[in-house]
1. For the range 99-108, state whether one or more residues are at pLDDT 95 or above, in contact with a Leu (Cβ under 6 Å, 6 or more places away or on another chain) and over 23 Å from Ser30 (Cα atoms).
2. Would you check if there is a residue in the range 62-77 being at pLDDT 65 or above and either surrounded by 10 or more Cβ atoms within 10 Å (Cβ to Cβ) or within 23 Å of the chain's Cα centre (by Cα) (or both)?
3. What are the residue pairs meeting all of these: first residue in the range 95-122, first residue at positive phi, second residue of a type outside the set (A, V, I, L, M, F, W, C), Cβ atoms under 8 Å, and 6 or more apart or on different chains?
4. Among what's in the range 104-132 and is farther than 14 Å from Glu92 by Cα, over 34 Å from the mean Cα position of the chain (by Cα) and among the charged types (D, E, K, R), pick the residue that is surrounded by the fewest Cβ atoms within 10 Å (Cβ to Cβ).
Amino acid sequence: MDDKLCLEMWDNNSNYPYEKIISPRDIEHSVKLAGRIYSFEIKIPANLEEGQEIGYRINFEKDNKRATIFEDYEFYYIPKKKPKPKKSLTSEDKAKALYTLAENYRINNLSEPALKEYEKVIKRYPQTSWAEKASQRIKEIKTE
C-alpha cells in the first residue's frame with residue numbers, strides 16, 4: 001500500500017496496514033469551565049517510540065450545528081519528548097543515604113543496627129565526608 005495514502009487514512013480504517021500507535025482508551029482527558037472559558041486537559045501515555053506523533057482536533061456542537069478548530073485535514077501534532085536521563089548517584093549520595101538510615105536507628109535507640117550502618121558507610125565510602133561523620137558517631141555510641 002502507498003505510504004502517502006496511509007498518511008491520509010485513519011488507523012481505525014480496516015484497510016490501514018500498520019499497528020495502532022495508541023487507542024482512545026489510552027488517553028485521559030478532562031474539560032473544566034472557568035467563567036466563560038473552557039479548559040481542556042489531554043494526557044497521553046509516554047510509551048510512544050521516538051519520532052511518533054499524535055494528532056487531535058476539537059469539535060464544538062450545539063443545536064445540531066458543528067464547528068471545528070481545525071479543518072478536517074489539519075491537525076496539531078504533539079511530538080514525543082525524550083525522557084530526561086536519570087541522574088546517577090554519587091558516592092556522596094549513597095553514603096548520605098546509609099548515614100541517614102544509621103541516624104534513624106540511633107535516634108530510635110537502636111544502637112546495634114546504627115553501628116552496622118555507620119560501619120557500612122566507612123567501609124563502602126571511605127573517601128566521603130559521611131565516612132568521617134559516621135566514624136564520629138561510632139565513637140559517641142561506644143562511649144555511652
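The values are calculated or read from the model by the stated rules, or taken from the named source; none is laboratory data. Everything quoted here is computed from the prediction, not taken from an experiment. Backbone-built Cβ (ideal geometry, glycine too); neighbour counts: all protein chains shown.
1. So far as the range 99-108 goes, no, none of its residues is at pLDDT 95 or above, in contact with a Leu (Cβ under 6 Å, 6 or more places away or on another chain) and over 23 Å from Ser30 (Cα atoms).
2. For the range 62-77, residues at pLDDT 65 or above and either surrounded by 10 or more Cβ atoms within 10 Å (Cβ to Cβ) or within 23 Å of the chain's Cα centre (by Cα) (or both): absent.
3. That search, which allows pairs on different chains as well, returns nothing.
4. Looking at the filtered set, the residue picked out is Glu112.
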